[in-house]
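What follows is a single structure, written as structure tokens, with notes after it.
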Amino acid sequence: MPLTEFSPNVARLEASATLVLAARARKLRAAGVPVVDLSAGEPQYPAPPFAARAGIRAVEEGKTGYPPTSGLPELREAIARYLCETTAEEAVDPGAVIVSAGVKQSLFNCCYALFGAGDEVLVPSPFWPSYTTIVRLAGAAPVIVETTWDGGFVPTVEDLEAARTAQTRGLMLNSPGNPTGAVIPPDLLREIMAWAERHGIWVLSDEIYRRLAYAAPAPSVFDIAERGERTILLDGVSKAFCMPGFRIGYAVGPQEVVRKMADLQGQTTSGAVGPSQHAAAAALGESAPRETFVDDLLSRLAELRGTGLSRFAEIDGIEAFPPDGALYFYARIGGGARSLDVAERLLADVQVACMPGEPFGSPGHLRFNFAVEPEVLEEGLERIAGFFG
Ligand SMILES: Cc1ncc(COP(=O)(O)O)c(C=O)c1O
């Protein structure tokens, strides 16, 4: 007999599937089972030492009071400068930046501030599961726009137009994308931004994997002159700077929206953790160490991507999509098996943890994180080959 009926706010809310599976793998490992964990959505490497030291110094120097709700001025300035240095945008106003506890919180604040009952938000699929959940929490309806393997897992303007209704208020973009690693090329991004502007649609561009691109640099919405005012860029330090546990993300958009997001944040969590903000300011601040860190990470990941793709090509029964960015192999499995079942069997039979496609809106696929140590990836692929072979 349940203790209570939950409010409609959360009645349909389920635990994050990605976190649940990662937790199950961790539990097995804690019990001594030699799990190869390729399920995580994070690089398995340490944060930049210069960023970590800045965080520690902040604690030691007693910088532990409540931080400003929208973020420390020095971090908002560092973010504005970083965006000017790494995109075509020439001037970003630090007042247009809000710092949150990860991109996830920025995204929640943004959706909650902009969307509500009766609104539709287009979400290209496969998608990061939090997009649909957060849109629903805001009271709006996610509208899935299918993309395909053969179409490179990117939405075309025709696909978006076919899904548009009078209720369409927003579009989620994620390039490079989780789980596929697909990158929206500059010309297509330009077309999409112009289309959204024409129809007064808010574009929420989650660029958390932007710096992790293998074929060519992944364009930002800040590279696109045709973008409209209704553009919000979301990014953070969790992936390209290996700092997911610091919980620092940010959004950049029109000041009236950013201010409303700050009002919401001020009534829920207040400013993001202060010492983490100092660490993030150091990570993004000085361009030479920052770019060396990103370059080193990128070459490490490019190598793992290359060896992984070659190994997958030798395994029958599973085919990996070549990712142009991010840190995942998204692989399709033949035979019409449910990927949830296959993921569970992979964990039970050969102790490899991965993510099934269902939470990403695309059953029949499995997602493997390749941002691990080379020997971990090798061992994982060996076991995967044994499982499918
Ligand atoms: C596409 C995407 N956006 C956002 C996040 C979360 O970012 P943060 O750690 O900044 O909340 C993730 C994490 O997996 C992600 O894959």
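Bear in mind these aren't lab numbers, they're just calculated from the coordinates by the rules spelled out. Note that the coordinates shown come from a computational prediction; the quantities given were computed from them, not determined experimentally. Note: ideal-geometry Cβ built from the backbone for every residue, glycine included; neighbour counts use all protein chains shown.
Worth a mention:
- Counting DSSP beta bridges with both ends in the chain, the antiparallel % (nearest 5): 50
- Residue-count net charge about T292 - beta-carbon cut-off 13 Å; Lys, Arg +1, Asp, Glu -1: -1
- Most to least packed among 214-224, 28-38, 237-247 [average Cβ atoms within 10 Å]: 237-247, 214-224, 28-38
- When the chain is treated as a GNM with alpha-carbon contacts under 10 Å, the residue of L188, L13, L204 showing the greatest mean-square fluctuation is L13.
- For the chain, the equivalent ellipsoid built from the Cα gyration tensor has semi-axes of 31, 26, 22 Å, listed from largest to smallest.
- Straight-distance crosslink candidates among aspartates and glutamates, where the alpha carbon sits under 17 Å from K63 and sequence neighbours closer than 8 are dropped: E74
- Relative packing of peptides 327-333, 69-75, 309-315 - highest average C-beta neighbours within 10 Å first: 327-333, 69-75, 309-315
- The ranking of S130, S362, S299 by Cβ neighbour count inside 10 Å, starting from the fewest, reads S299, S130, S362.
- Anisotropy class of the range 1-136 from Cα gyration tensor, a/c 1.5 cut: oblate
- Listed residues E229, E161, E256, most fluctuating in the chain (Gaussian network, C-alpha, under 10 Å): E256
- Euclidean distance of C-alpha centroids, the range 1-80 and the range 250-322, integer Å: 13
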